[in-house]
Amino acid sequence: MTHPTTPTPIRDSNRLIAERRAKLAKLREAGPAYPNDFRPRDAAGKLHATLDGVDKDTLATQARRTAVAGRMMLKRVMGRASFATLQDRSGRIQIYLDRGTLGDEAYGQFKGWDSGDILGVEGLVFKTNKGELSIHAEKIRLLSKSLRPLPEKFHGVADQALRYRQRYVDLIMMEATRQTFATRGKIISSIRQSMVDAGFLEVETPMLHPIPGGATAKPFATHHNALDMDMFLRIAPELYLKRLIVGGLERVFEINRNFRNEGIDPRHNPEFTMMEFYAAYTDYRWLMDFTESLIRTVATAARGTTTLTYGDKPLDLSRPFDRLTVEQAILKHAGRYAPAQLHDADFLRAELRRLGVDVDGPALAHAGYGALQLALFEEVAETKLWQPTFIIDYPTEVSPLARRSDTEPGITERFELFATGREIANGFSELNDPEDQAERFRAQVAAKDAGDEEAMYYDADYIRALEYGMPPTGGCGIGIDRLVMMLTDSPSIRDVILFPQLRREDLV
């Protein structure tokens with residue numbers, strides 16, 4: 001069988017497909033080629049779970065009949081008898097077929113079917129002499145003809161880009177891929193249930209925004225023809241969720257898709273999933289406790305443990321998460337700076353330039369020591385935060401939506417949670433002072449006018465909402481994709497998104 005990731009003459013591929021198309025043409029002559037009247041009664045996984053522990057002789061006395069459907073992954077023809085392996089969503093099961101039971105016509109048809117074809121099988125469940133659970137086929141039907149050969153059976157799809165682009169083939173061939181996305185489903189279900197149990201209301205907010213807000217990011221722009229107005233795909237739901245807090249929905253959350261017109265790398269995809277939640281009468285300390293507990297609950301639900309491995313390193317979610325300020329993290333993980341240097345903008349600018357950071361670009365050209373200190377943290381400390389760690393007390397100038405500290409005006413009540421060297425969550429005590437928020441929006445607009453494409457817009461309606469009064473509130477966003485990466489030991493965000501963004505493929 002030809003492996004699709006190796007150079008193959010087009011004529012060979014076309015020949016294989018042409019042969020299958022010829023078989024399909026004969027099927028069409030005989031009747032419906034893609035029937036839809038077969039209904040499986042069992043799944044492979046259910047049969048294994050129920051009957052793997054039953055011995056051969058006992059199973060034989062039960063005379064249990066079943067009906068299953070799935071994709072034929074393996075086929076071994078041996079004269080008057082054959083074996084096949086069917087795969088459905090729950091796993092694989094062996095099928096035994098013999099001419100005497102099926103009859104000459106049905107058995108002859110089976111011999112002409114190909115790997116990848118989708119079959120319906122009815123028959124008696126039994127165990128072979130080697131103890132393998134199997135189905136002795138009494139009736140078989142071809143439900144869907146596969147026109148393209150499957151990849152080489154033992155190696156699956158080896159080429160990473162091909163795996164992402166043809167995820168349907170990746171899912172067919174790779175049990176690990178199916179398991180990753182099954183775990184993703186468990187993670188999201190566990191998050192949703194945990195939030196509801198904690199008294200949060202699940203809500204939905206717009207994905208088309210007249211003003212992009214809620215994060216410092218470059219948006220995707222579009223145009224609404226009927227309204228004749230430019231609009232933006234959501235970069236974050238934050239400002240809409242806080243409008244709901246103003247309206248009296250005191251605990252809300254949304255599992256949402258966000259879009260940011262930025263680079264693509266192992267941690268970033270232009271379209272990604274987050275869960276954002278807001279709780280009135282809480283602060284960032286409460287949020288850290290809640291987030292830490294939530295992640296442990298989700299890990300236990302999805303993986304059955306809080307003691308994991310990521311790459312080749314242990315990851316322990318069971319112990320209390322560390323809490324360090326930005327400055328403390330730099331001093332701990334870099335080890336070559338004095339505290340006074342981290343408050344010296346000239347020193348920070350020179351050090352960042354030495355590290356290859358563009359300090360003269362629009363993002364940092366007019367930055368104070370707080371933004372420069374954060375940039376240094378990202379260069380020298382972030383990737384060293386392997387065990388879960390809350391980095392707290394971010395500078396005000398890089399936290400335009402967070403509440404200022406009452407004791408340190410240049411600092412906000414904000415945290416970011418890091419693990420395996422990357423950010424997992426971002427939260428803070430929300431800024432509910434409308435005049436302070438308006439001033440910070442104006443500072444963001446000035447930064448945008450100076451060339452910072454990721455700076456925020458001024459949102460007058462959000463200011464109006466705050467002027468009605470928003471209670472003291474804590475809010476947090478958790479990156480679902482990165483959390484799934486961490487809990488499934490996946491090195492790239494593309495491994496945990498079913499259809500990640502790729503360059504356009506030219507198909508003929």
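The values are calculated or read from the model by the stated rules, or taken from the named source; none is laboratory data. Worth saying up front: this structure is predicted, and the values here are computed from it rather than measured. Neighbour counts run over all protein chains shown; Cβ positions are idealised from the backbone, glycine included. Just so you know, the surface numbers come from the protein's heavy atoms only, side chains and all, with ligands and any DNA or RNA stripped out. Shrake-Rupley method; radii C 1.70, N 1.55, O 1.52, S 1.80 Å.
Less than 12 Å Cβ to Cβ from ALA43, Lys/Arg counted +1 and Asp/Glu -1: what total charge do the surrounding residues give? The partial results should precede the final answer.
Values: positive: ARG41, LYS46, ARG89, ARG92; negative: ASP42, ASP88.
With Lys, Arg at +1 and Asp, Glu at -1, the neighbours total +2.
Which of these values of Kirkwood radius over Cα pairs in Å was calculated from the structure shown: [x] 24.0; [y] 26.8; [z] 24.7?
The listed entry that was calculated here is [y].
In whole percent, and with a 1.4 Å probe on the protein chains, what portion of the accessible area of the chain is carbon and sulfur?
Details: 12650 of 24810 Å².
So the carbon and sulfur contribution to the accessible surface is 51 percent.
Can you give me the angle between helix 10-30 and the longest principal axis of the chain, using Cα atoms only, in degrees from 0 to 90, rounded to the nearest 10?
Relative to the chain, helix 10-30 is tipped by roughly 60 degrees.
Run lengths n ≥ 4 of DSSP H only: what is the helix-derived mean residue ellipticity at 222 nm for the chain, with -39500 (n - 2.57) per run over all residues, to the nearest 500? Working shown, then result.
Working: 16 runs with 176 residues, N = 508.
The per-residue figure over the chain is -10500 deg cm²/dmol.
Heavy-atom accessible area of MET207 with all protein chains present, probe 1.4 Å, nearest 10 Å²?
Result for MET207: roughly 80 Å² accessible.
Let me cross-check LEU239: its accessible surface, 1.4 Å probe, with only protein heavy atoms counted, in Å² to the nearest 10?
10
Pull up the cross-link candidates among the lysines for LYS332, meaning alpha carbon to alpha carbon under 19 Å and not fewer than 8 places away within one chain.
Within reach: LYS384.
Arranged from highest to lowest average of other beta-carbon atoms within 10 Å per residue, in what order do the peptides 406-412, 244-250 appear? Each step should come with its number before you reach the end.
Details: 406-412: 13.1, 244-250: 16.0.
Highest to lowest by the protection proxy: 244-250, 406-412.
Could you tell me what percent of the DSSP beta bridges with both partners in the range 180-266 are antiparallel, to the nearest 5?
Working: 6 of 8 bridges.
Close to 75 percent.
How much net charge surrounds LEU317 when only the other residues with a Cβ under 12 Å from the Cβ of LEU317 are counted, with Lys and Arg +1 and Asp and Glu -1?
Within the 12 Å Cβ shell, the charges total +1.
Taking the chain as the reference, fit the longest principal axis to its C-alpha atoms, fit the long axis of helix 284-303 to the helix C-alpha atoms, and give the angle between the two in degrees, 0 to 90, nearest 10.
10
Give me the tail of P(r) for the range 271-363 as a percent: Cα-Cα pairs with distance above 22 Å. Before the final figure, lay out each step's value.
Numbers: 2466 of 4278 pairs.
Percent of Cα pairs beyond 22 Å in the range 271-363: 58.
Could you sort 371-377, 180-186 so that the peptide with the highest average Cβ count within 10 Å comes first and the rest follow in order?
On the way: 371-377: 23.4, 180-186: 17.0.
The peptides rank, most packed first, as 371-377, 180-186.
What accessible area, in Å² to the nearest ten, does a 1.4 Å probe give for LEU147?
The accessible area of LEU147 comes to roughly 40 Å².
Quick check for me: using +1 on Lys/Arg Cβ and -1 on Asp/Glu Cβ, what's the dipole size of the chain about its Cα centre, in debye to the nearest 20?
Working: 67 positive and 72 negative charges, 727 e Å.
It works out to roughly 3500 debye.
Please name whichever of MET456, PHE418, GLN373 sits farthest to the positive end of the charge dipole of the range 370-495, dipole taken about the Cα centre and charges placed at Cβ: Lys and Arg +1, Asp and Glu -1.
PHE418
I need the peptides 383-396, 259-272, 81-94, 414-427 ranked by packing, meaning the mean over residues of other C-beta atoms within 10 angstrom, with the highest value on top. Walk me through the intermediate numbers first.
Details: 383-396: 20.4, 259-272: 15.8, 81-94: 18.4, 414-427: 22.1.
Listed from highest to lowest mean packing, they are 414-427, 383-396, 81-94, 259-272.
When DSSP beta bridges are limited to those with both residues in the range 85-153, what percentage is antiparallel, rounded to the nearest 5? List each step's numbers first, then the result.
Details: 14 of 17 bridges.
Taking every DSSP beta bridge with both residues in the range 85-153, the antiparallel ones total about 80 percent.
How large is the accessible surface per residue of the range 18-74, computed with a 1.4 Å probe and reported in Å² as a whole number?
Working: 3580 Å² over 57 residues.
Value for the range 18-74: 63 Å² per residue.
To the nearest 10 degrees, how steeply does helix 175-197 sit against the main Cα axis of the chain, on a 0 to 90 scale?
For helix 175-197, the angle is close to 50 degrees.
What does the charge count around TYR107 come to, taking other residues whose C-beta lies under 11 Å from its C-beta (Lys +1, Arg +1, Asp -1, Glu -1)?
Numbers: positive: ARG80, ARG99, LYS111; negative: ASP98, ASP104, GLU105.
After counting each charged neighbour, the total is 0.
If the chain between ARG28 and ALA176 were fully stretched, how many nm would it gain, using 0.36 nm times the residue separation less the Cα-Cα distance? Don't jump to the answer; show the numbers that get you there.
Numbers: separation 148, 0.36 × 148 = 53.28 nm, distance 3.61 nm.
Going from the current span to full extension adds 49.7 nm.
Taking all protein chains together and a probe of 1.4 Å, list LEU24, LEU208, LEU331, LEU162 from the most accessible to the least accessible.
Values: LEU24 10, LEU208 75, LEU331 55, LEU162 35 Å².
Per-residue accessible area, sorted high to low, gives LEU208, LEU331, LEU162, LEU24.
Taking 26 Å as the cut-off for C-alpha to C-alpha distance, list the pairs among LYS26/LYS127; LYS186/LYS242; LYS218/LYS313; LYS75/LYS127 that go past it.
On the way: LYS26/LYS127 35 Å; LYS186/LYS242 28 Å; LYS218/LYS313 34 Å; LYS75/LYS127 18 Å.
Among LYS26/LYS127; LYS186/LYS242; LYS218/LYS313; LYS75/LYS127, the Cα-Cα distance tops 26 Å for LYS26/LYS127; LYS186/LYS242; LYS218/LYS313.
In the chain, with Lys and Arg counted as +1 and Asp and Glu as -1 at Cβ, which of these residues, ILE118, PHE321, ALA438, has the Cα nearest the positive end of the dipole, that is, farthest along it?
Comparing the listed Cα positions along the dipole, ILE118 ranks first.
Mind listing the long-range amide H neighbours of ASP322? Cut-off is under 5 Å, sequence gap 5 or more, other chains count too, H placed in the peptide plane at 1.01 Å from N.
Excluding prolines and chain starts, which carry no amide H, the hits are PHE390.
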